[in-house]
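Report on the structure given below.
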């Protein structure tokens, strides 16, 4: 994995593919295609193209077994989420997590369970109680 990997460089559809690969560990383009929800169905060749882009970006590796390419993630999900979140906060909230939290609270984007989890974290817990 490159140390210069741009962890916010995934498109919405690439995130969908990566989410499937993180669950499946190793998958062929056909397996990825079959795992897609109905609203995200794409042609087999489109899935292959996206997977090759993810290889080029360093997010996945490719291994040919027989006549089939299998793809495996090279970036842990937590790292990708962290990079994308940091980039989002920098771009949208001028780098301020406080501004993000204030937005979520002021716009009622948090349900009671979310608020309880945040309270637990603020009180020194891990929020998974």
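The values are calculated or read from the model by the stated rules, or taken from the named source; none is laboratory data. These figures come from a predicted structure and were not determined experimentally. Note: ideal-geometry Cβ built from the backbone for every residue, glycine included; neighbour counts use all protein chains shown.
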When every residue in the range 81-94 that is without any contact (Cβ under 8 Å) to a residue 40 or more places away in the chain and out of contact with any helix residue (DSSP H, G or I) (no Cβ under 6 Å at 6 or more places or on another chain) is compared, the one surrounded by the most Cβ atoms within 10 Å (Cβ to Cβ) is 85
Scanning the range 18-32 for residues that are surrounded by fewer than 21 Cβ atoms within 10 Å (Cβ to Cβ), part of a helix (DSSP H, G or I) and more than 16 Å from the chain's Cα centre (by Cα) gives 30, 31
Note: among 105, 100, 51, 110, just one is more than 25 Å from residue 9 (Cα to Cα), in a helix (DSSP H, G or I) and without any contact (Cβ under 8 Å) to a residue 40 or more places away in the chain, namely 105
Of the conditions (1) over 19 Å from the mean Cα position of the chain (by Cα); (2) surrounded by fewer than 11 Cβ atoms within 10 Å (Cβ to Cβ), the single one that residue 78 does not satisfy is (1)
When every residue in the range 34-48 that is within 17 Å of the chain's Cα centre (by Cα) and part of a helix (DSSP H, G or I) is compared, the one modelled with the highest pLDDT is 47
Going through (1) modelled with pLDDT under 90; (2) in the same structural domain as residue 33 (by TED's automatic domain parsing) one by one, residue 64 fails only at (1)
- Looking only at the range 106-113, decide whether some residue is on the phi < 0 side of the Ramachandran plot, at pLDDT 90 or above and either surrounded by 14 or more Cβ atoms within 10 Å (Cβ to Cβ) or touching a helix residue (DSSP H, G or I) at 6+ places or on another chain (Cβ under 7 Å) (or both). no
